[in-house]
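Step one of this worksheet: look at the structure below.
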Amino acid sequence: MERGRPRIGITLGDPRGIGPEVTLAALADTGIDGSADFLLIGAESADARWPHEAIGRWEPGGGDREAGLLSARAIERAAELAATGEIDGIVTAPISKRALAAAGYEHPGHTELLRDLAGVPDVTMMMAAETTPLGGPLRLALLTAHVPLRDVPRLLTAELVVRRSTIAARALREWWGFENPRVCFAGLNPHASEEGLFGDEEARVLEPAAAAFAASEQVRVAGVVPADTAFRRCIEGEVDLVVTPYHDVGLAVLKTLALEEGVNVTAGLPYPRTSPDHGTAFDIAGTGRAHPGAMIAAIRLCGRFCARGAVPA
């Protein structure tokens, strides 16, 4: 069901990074201005162009702990407002994972912190560039995210594959509007193991899980394919989503093709959450070199999701 003008909370991220400046630049964009009611959440600011809920003061020269506390408290406040229905969705500017740890948080990033704040059993990290230089969109779902590469084969169980793929498929239906999503799975090993020559995870885990997923959800599964060709299938319109076994196999492609259009989506939350798919960029903060493109894309996508007025079950 369509709904009216969305209410979006934007957390400003690490105050030392580019989050505050790309947020203000994005909100000034003609395609964003007036598209939603925005509430900025973060350190005190002298900029009064948009409503701002201050959750603390940032003193220049502060360290990781102070920056991490401000970042986390903004996220916590946004999650609280979303849970009570005061905002419809959240867009998050980049934070420093090191600062979050220094502030005493065990969560490795936004995704895991928002999962626990929402009280949901699991979420799936998704990445999307709705436009790419090659023409079509690229959408990814990550089966594992912020874990060491050496742990991926152990973590990659059939149960995990089905669970996180299901969360992603429901987001495709309810947020993106795909009635019958088309999905393919990127293999873990070179050539998707070449029929067992380079590993057995495809035959032992991914293929049975893909079959079970297809049987349980209203999706069309195009099988398990080599990762070096899987992403072209999405860009060329054969599938709507590529499910990837670990973080960099998907993000390396998306950030190479569409860094300024890439959006991080947390599927499985009871409200939409998006974020630009880049980091804090401390080295260019305040220089005027930060590009707001990914923040613009994140705000647009969150607004699109909120306007549908639906939450994946």
(request) Please work out which one of (1) touching a Ser or Thr at 6+ places or on another chain (Cβ under 8 Å); (2) hydroxyl-bearing (Ser, Thr, Tyr); (3) closer than 30 Å to THR84 by Cα is the condition TYR271 fails and give its number. (result) (1)
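Considering only segment 178-213, state which residues are of a type in the set (Gly, Ala, Ser) and within 22 Å of PRO137 (Cβ to Cβ). Outline the logic, then answer.
Pass one, segment 178-213, residues of a type in the set (Gly, Ala, Ser): 186-187, 192-193, 196, 199, 203, 209-212.
Answer for segment 178-213, where residues must be of a type in the set (Gly, Ala, Ser) and within 22 Å of PRO137 (Cβ to Cβ): ALA186, GLY187, ALA210.
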(message) Anything in segment 103-133 that is of a type in the set (Ser, Thr, Tyr) and under 13 Å from the mean Cα position of the chain (by Cα)? List them, or say none.
(response) THR111, THR124
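Looking at ALA258, ALA252, which one is touching a Pro at 6+ places or on another chain (Cβ under 8 Å), within 27 Å of PHE185 (Cα to Cα) and among the aliphatic types (A, V, I, L, M)? First the steps, then the outcome.
On the way: ALA252 fails: touching a Pro at 6+ places or on another chain (Cβ under 8 Å).
Going through ALA258, ALA252 in turn, just one is touching a Pro at 6+ places or on another chain (Cβ under 8 Å), within 27 Å of PHE185 (Cα to Cα) and among the aliphatic types (A, V, I, L, M): ALA258.
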(message) Go through segment 263-284 and report how many residues are surrounded by fewer than 22 Cβ atoms within 10 Å (Cβ to Cβ), at pLDDT 95 or above and not β-branched (Val, Ile, Thr).
(response) 4
(message) For segment 175-203, give me each residue that is part of a loop (DSSP other than H, G, I, E, B) and more than 27 Å from ALA298 (Cα to Cα).
(response) GLY187, LEU188, ASN189, GLU194, GLU195, GLY196, LEU197, PHE198, GLY199, ASP200
(message) Cβ-Cβ under 7 Å, sequence separation 6+ or interchain: first residue in segment 40-66 and assigned by TED's automatic domain parsing to the domain that holds ILE10 and within 19 Å of LEU24 (Cα to Cα), partner among the hydroxyl-bearing types (Ser, Thr, Tyr) and in a loop (DSSP other than H, G, I, E, B). Which pairs?
(response) HIS52/SER45
(request) Report, by residue number, each residue of segment 162-196 that is in contact (Cβ under 8 Å) with a residue 40 or more places away in the chain and in contact with a Phe, Trp or Tyr (Cβ under 6 Å, 6 or more places away or on another chain). (result) VAL162, SER165, LEU172, TRP175
(request) For segment 148-161, enumerate the residues that are touching a residue at least 12 places away in the same chain (Cβ under 8 Å) and either closer than 12 Å to GLU217 by Cα or part of a loop (DSSP other than H, G, I, E, B) (or both). (result) LEU156, THR157
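Listed here are the residues, each with its yes/no results for (1) in contact with a helix residue (DSSP H, G or I) (Cβ under 6 Å, 6 or more places away or on another chain); (2) among the β-branched types (Val, Ile, Thr).
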position: GLY68; (1), (2): yes, no
position: GLU76; (1), (2): no, no
position: TYR105; (1), (2): yes, no
position: THR111; (1), (2): no, yes
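Answer with yes or no whether ASP33 is surrounded by fewer than 16 Cβ atoms within 10 Å (Cβ to Cβ), in contact with a Leu (Cβ under 8 Å, 6 or more places away or on another chain), at pLDDT below 90 and closer than 21 Å to ARG300 by Cβ. Step through it out loud before you land on a result.
Details: surrounded by fewer than 16 Cβ atoms within 10 Å (Cβ to Cβ): yes; in contact with a Leu (Cβ under 8 Å, 6 or more places away or on another chain): yes; at pLDDT below 90: yes; closer than 21 Å to ARG300 by Cβ: yes.
Answer is yes for this residue.
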(message) Every residue in segment 270-288 that is in contact with a Gly (Cβ under 7 Å, 6 or more places away or on another chain) and in a loop (DSSP other than H, G, I, E, B), please.
(response) TYR271, PRO272, ASP277, THR280, ALA281, ALA285
(request) Would you mind telling me which numbered condition in (1) more than 14 Å from the chain's Cα centre (by Cα); (2) assigned by TED's automatic domain parsing to the domain that holds THR157 HIS247 fails? (result) (1)
(request) Spot the failing condition for GLY136; the list is (1) more than 17 Å from the chain's Cα centre (by Cα); (2) modelled with pLDDT of 95 or more, and only one is missed. (result) (2)
(message) Within segment 185-195, does at least one residue satisfy the condition of being aliphatic (A, V, I, L, M), touching a Lys or Arg at 6+ places or on another chain (Cβ under 8 Å) and buried (at least 23 other Cβ atoms within 10 Å of the Cβ)?
(response) no
(message) Here is a check on your reading of the model: is LEU206 buried (at least 24 other Cβ atoms within 10 Å of the Cβ) and part of a helix (DSSP H, G or I)?
(response) yes
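The values are calculated or read from the model by the stated rules, or taken from the named source; none is laboratory data. Values in this document were obtained by computation on a predicted structure and should not be read as measured data. For neighbour counting, all protein chains shown are included, and Cβ atoms are generated from backbone atoms with ideal geometry for every residue, glycine included.
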